[in-house]
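Please read the structure below before turning to the comments.
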Amino acid sequence: MTKWVDVCKEEEIDLEDVIRFDHGARTFAVCRSLDAKVFATDGLCTHEQVHLADGLVMDEIIDCPMHNGRFNYQTGAAMRSPACVALGTYPARLRDGRIEIEIG
């Protein structure tokens with residue numbers, strides 16, 4: 001069963017930025033694009049399990065802060081070595097000025 005989970009106020013994530021969001025035992029990276037759309041992925045790099053929220057966001061790419069692996073935060077696709085396994089992605093939305101993600 002899936003449910004929408006409240007993450008934060010919309011303005012708590014700058015445009016073209018990312019925050020870490022923990023829910024239960026899981027960690028997510030929640031990103032906001034330049035056009036203010038929101039996206040959610042697994043929060044740990046698939047290469048070394050480093051928190052992606054400590055990385056840099058530019059365009060639709062998030063860089064892992066440890067070895068510079070890159071992921072497309074919209075699709076989860078691994079874009080540069082050493083990351084070669086895609087991230088899981090999760091529906092995200094803006095609702096009443098708040099960001100929510102749908103998780104199972």
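Multiplying the residue separation of GLU16 and LEU94 by 0.36 nm and removing their Cα-Cα distance gives an extension gain of 26.5 nm. Extension gain, ASP6-MET58: 0.36 nm per intervening residue step, less the Cα-Cα distance, totals 16.3 nm. Taking 4.7 Å between beta carbons as the limit, the unpaired Cys residues of the chain are CYS8, CYS31, CYS84. Our coupling estimate for the range 64-73, obtained by passing each phi through the Karplus curve with A = 6.51, B = -1.76, C = 1.60 and θ = phi - 60°, is 6, x, 8, 10, 6, x, 10, 9, 7, 6 Hz, Gly and Pro reported as x.
Every read-out reported here was derived from the displayed coordinates using simple, explicitly stated rules and does not represent laboratory data. Note that the coordinates shown come from a computational prediction; the quantities given were computed from them, not determined experimentally. For neighbour counting, all protein chains shown are included, and Cβ atoms are generated from backbone atoms with ideal geometry for every residue, glycine included.
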